[in-house]
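Have a look at the structure below before the remarks.
The values are calculated or read from the model by the stated rules, or taken from the named source; none is laboratory data. Treat the numbers as computed from the prediction; the structure is a model and nothing was measured. Neighbour counts are summed over all protein chains in view; Cβ atoms, including those assigned to glycine, are modelled from backbone coordinates with ideal geometry. Side chains are part of the model used for accessible areas, which takes the heavy atoms of the whole protein and leaves out ligands, DNA and RNA. Shrake-Rupley method; radii C 1.70, N 1.55, O 1.52, S 1.80 Å.
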Amino acid sequence: MITVHHLNNSRSQRVLWLLEELDLEYRIVRYQRDANTMLAPPELRAVHPLGKSPVISDDETTVAESGAIIEYLIGRYGNGRFVPPPETPQRLRYTYWLHYAEGSAMPPLLLKLVFDRVETAPVPFFIRPIARAIAGRAKSSFIEPQIALHLDYLERELAKSAWFAGNDFTAADVQMSFPLEAAAARGGLDGARPKLMAFLETIHARPAYRRAVEQGGPYELLR
Ligand SMILES: N[C@@H](CCC(=O)N[C@@H](CS)C(=O)NCC(=O)O)C(=O)O
């Protein structure tokens, strides 16, 4: 039986979604973020040393890192579903997006989250203007332009095909959902990029996505 170690409002939501798309049985062990730090509780370190979510266990096997989990589930249980055939251009695109989501798209979005918090952190009044100035400068000179660069690129990519790896929905779309949802929550993604907004609307309407949200509980990404 597959167990998903699920942290509220987190990347593990997309693992639940893929499991629903694959129509697999699974159970959820739930973890709540600390209300102040937003970090995962220490119990998660008993499952994997980094204590991050998602992590899955499948009998004796434990797999962390969303991309690796997706590859594992698709390889072991996919029976060819949601992955383009090997040695096709679509398969290479699929691999690219599986890595790109966490390796390239997420870092500037994470920086945005951190520097937004620096701006509003409760610090002594005489430090506040300095903290705000440094955070504001980091955001305007580097973080926000980087996010815009990625979003413009992704908008152009989705003008080429309906889904990230080609004309069929694949697990790469599941992996790409999180950076796009994070960008809509805190990275300035809005109707000015209609292809990306349409992608989000389409995935949110998928029955498996809706079932995954029902299973995972309220899903509201950090701002
Ligand atoms: N690249 C990893 C990132 C894992 C990660 O940072 N997960 C976040 C949730 S979205 C987490 O566990 N945060 C809580 C913490 O760091 O304590 C993946 O894709 O699985």
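A few notes on this one:
- Subset tally (residues that are more than 9 Å from the ligand (Cβ to nearest atom), assigned to a strand (DSSP E or B) and touching a His at 6+ places or on another chain (Cβ under 6 Å)) for the range 28-59: 3
- Filter pass, I134 being assigned to a helix (DSSP H, G or I), in contact with a Gly (Cβ under 7 Å, 6 or more places away or on another chain) and over 27 Å from L22 (Cβ atoms): no
- Considering only residues in the range 168-210 that are among the basic types (K, R) and assigned to a helix (DSSP H, G or I), the one that is nearest to P108 (Cα to Cα) turns out to be R186.
- Residue in the range 164-173 that is of a type in the set (S, T, Y) and either open to solvent by 70 Å² or more (accessible area, probe 1.4 Å) or in contact with a strand residue (DSSP E or B) (Cβ under 9 Å, 6 or more places away or on another chain) (or both) present: yes
- Given (1) open to solvent by less than 30 Å² (accessible area, probe 1.4 Å); (2) assigned to a strand (DSSP E or B), index of the condition T62 fails: (1)
- For the range 1-27, the tally of residues that are open to solvent by 20 Å² or more (accessible area, probe 1.4 Å) and away from the ligand (no atom under 15 Å from the Cβ) stands at 8.
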